[in-house]
1. On alpha-carbon atoms, Rg over Rh for the chain using Kirkwood Rh?
2. Where a ≥ b ≥ c are the square roots of the eigenvalues of the C-alpha gyration tensor, would you call segment 1-111 rounded, which needs a/c under 1.5, or, failing that, prolate if a/b is larger than b/c, or oblate?
3. Relative contact order of segment 1-71, please, whole-number percent, based on alpha carbon pairs below 8 angstrom and at least 6 residues apart.
4. Before rounding to the nearest 500, sum -39500 (n - 2.57) across all DSSP H runs of length at least 4 in the chain and divide by the residue total; then give [θ] at 222 nm in deg cm²/dmol.
5. Return the sequence-ordered ³J(HN,Hα) values of segment 170-179 in whole Hz as given by the Karplus equation 6.51 cos²θ - 1.76 cosθ + 1.60 applied to θ = phi - 60°, using x for Gly and Pro.
6. In the chain, with Lys and Arg counted as +1 and Asp and Glu as -1 at Cβ, which of these residues, His65, Phe10, Trp162, has the Cα nearest the positive end of the dipole, that is, farthest along it?
7. I need the phi-derived Karplus couplings for segment 150-156: 6.51 cos²θ - 1.76 cosθ + 1.60, θ = phi - 60°, integer Hz, Gly and Pro marked x.
8. Using r as the Cβ-Cβ distance of Ser140 and His77, and R0 as 30 Å, what FRET efficiency do you calculate, to the nearest 0.05?
Amino acid sequence: MSTPLGKGIFLVATPNLRDPNFSQTVILLCEHGEEGALGVVVNRPTKMNITEVLPQVPILEGQSHMVFSGGPVQRNHLLILYRAAEGPEDTHHVFDGVYLGGNMTILDDILTDPLSPANFRAYMGYSGWSPGQLENEMKSGSWLTLPAKSAIMFDQDHSRMWGEILRSLGSQYAMYSDMPVDPQMN
C-alpha cells in the first residue's frame, strides 16, 4: 500500500528507475499540487562544503556541513531544510517539524545553538515535475511513496538510506537493497 502523493512524503526510486538523476534516490516532496511538484533528493551529498556556497556568511566559517545535490533543476540555487519545534519565519512548512526556505538569520540561530547543527540540510538544485508528470511516473512504477520521517533525513547515514528503506518495505524490495548504482558494472 502506498502513501498518496502530497507534500511531506518520500518518493523512493524503484530499482527499475534508470534515469541517472534519480537512480537509487530518496526525495522529500516539499510541494505537490495542480501546478506540479517540487522536492529535494535527500541522499546525494556533493563534495562541496557549505562555506564554498556561502563564503560571505561569517557564522559558517569553520563549519563542515556538506551540501547535497537536491536535483537536476537550478543546480546553482541553494535550498535549506530545517528541523525545528516551531516554524521559523519566512519558511514553508513541509511536514511535522520540517521547514523549507528561510533566511540567514534562521541559519545563524540554528548554528549558534549547540544542540541543533544537525537540524539543517543545504541542497543545490531541486527536483521538479510539471502538472501530471509525477503522476505518470507513478503509474509507470518509477516511485514508491511513504510518509517522510525527519529522523531518516537528518539522523540516518545518507549513503545507506535508499537500501535501508527498501529493506523496510519487505522481501519484495529487500533483495535490491545492495544493488550497485549501475547494475551493468557487475
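Every read-out reported here was derived from the displayed coordinates using simple, explicitly stated rules and does not represent laboratory data. Not measured: the values here are computed from a predicted model. Methodologically, a virtual Cβ is constructed for each residue, glycine included, from the backbone with ideal geometry; neighbour enumeration extends over all protein chains shown.
1. Numbers: Rg = 16.5 Å, Rh = 17.1 Å.
Using only Cα positions, Rg/Rh for the chain is 0.97.
2. On the way: a/c = 2.25, a/b = 1.38, b/c = 1.64.
Oblate is the answer for segment 1-111, as a/c is 1.5 or above yet b/c matches or exceeds a/b.
3. Values: 115 pairs, mean separation 17.1, N = 71.
Relative contact order, segment 1-71: 24 percent.
4. Values: 6 runs with 38 residues, N = 186.
My calculation for the chain gives -5000 deg cm²/dmol from helical runs alone.
5. Each residue's phi maps through the Karplus curve to give x, 4, 4, 10, 4, 5, 8, 4, 9, 4 Hz.
6. Trp162
7. 5, 4, 5, 6, 9, 10, 8
8. Details: r = 28 Å, r/R0 = 0.93.
That gives a FRET efficiency of 0.60.
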